[in-house]
Amino acid sequence: MNIKEYISSGVIEAYVLGLATEEEASILQCIRKNNSEVEHAILDAQLILEDFSTAQAVAPPVELKDAIWSQLNQQPVDTTTDSSFGFEENEKEAKVVPMTKKTTDWKKLAIAASVLFVASFGTTIYFQNKSKENQTELNALVAENKATAQSLDQLKEKWSLLQNPDLKTITLAGVEQHPDLKAHVFWNTKTSEVYLSSENLPKVPDGMQYQLWAIVDGTPVDAGVFDLTDSEGISKMLKIEKAQAFAITLEKAGGNPTPTLTQLYVMGNI
């Protein structure tokens, strides 16, 4: 048997934590008697567990301590069997001496300490897992608040635009093939600035973009392309000095010099 491989196999850690099988524990007990390296590895593992428990321990509730002591005090001490007696020897003879109350109390203390150690260790693991759950929930709330803040900023931006008396709002309604779609154009007739809110336009395929057109004296004039990721809020488009209508088509990425009428999505007159 390769001792180093045996030590690194994890059986020692399982033994110290009380998770080893009866067969594994029996084999380990046999090996530790004849191999100091294994014995030292067991002691090291026990020290590591004790250090971890001490560093991470969370004091159990006072009610738990009271319950344990109450349960222990209710257990009768059997003074009729050999296990309840100690042996004291002098130079002449050995005599049987009943164990004192102090000895019984030490037994109770040892049991209580073991129970409290297990309770403390379990409480520590519980709070560590709870902490991870709370962190996950906190991260989700932060992401949700961020999204809410972005939506609020978009609403503020739209509201600010609508307060401008020089701004015209043109609603672009879905054409026959897309009756449920809608978009809004905000056109400043003094500065010629054009802003677009895409509202509920659907996601586009890869390699495609929406393109805004201004209809000027019956001729479509390019007002710029946009992505939905940009237009979830307000997209600033190309300046348009005059127009009688606006429309949006789906074009190849980068736009086209003329609109693809079969890909017309929404349109609105001024």
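The values are calculated or read from the model by the stated rules, or taken from the named source; none is laboratory data. Treat the numbers as computed from the prediction; the structure is a model and nothing was measured. For neighbour counting, all protein chains shown are included, and Cβ atoms are generated from backbone atoms with ideal geometry for every residue, glycine included. Each accessible area value is taken on the protein alone, full model and side chains, heavy atoms only, with ligands, DNA and RNA left out. Shrake-Rupley method; radii C 1.70, N 1.55, O 1.52, S 1.80 Å.
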Checklist entry - For segment 224-241, does any single residue satisfy the condition of being outside any loop (DSSP other than H, G, I, E, B) and in contact with a Lys or Arg (Cβ under 7 Å, 6 or more places away or on another chain)? => result yes
Next on the checklist: So for segment 250-267 (the condition being charged (D, E, K, R) and within 18 Å of ASP166 (Cβ to Cβ)), does at least one residue qualify?
Outcome noted: no
Checklist entry - Going through segment 174-207 one residue at a time, which ones are open to solvent by less than 60 Å² (accessible area, probe 1.4 Å) and in a strand (DSSP E or B)? => result GLY174, ALA183, HIS184, VAL185, PHE186, TRP187, ASN188, VAL194, TYR195, LEU196, SER197
Item to check | Among (1) among the basic types (Lys, Arg); (2) under 36 Å from the mean Cα position of the chain (by Cα); (3) at pLDDT 85 or above - the single one LYS65 does not satisfy | outcome: (3)
Item to check | Filter result (closer than 14 Å to ILE31 by Cα and assigned to a helix (DSSP H, G or I)) within segment 1-21 | outcome: ILE3, LYS4, GLU5, TYR6, ILE7, VAL11, ILE12, TYR15
Item to check | In segment 218-254, the residues that are over 48 Å from the mean Cα position of the chain (by Cα), at pLDDT 95 or above and more than 16 Å from THR169 (Cα to Cα) | outcome: THR219, PRO220, VAL221
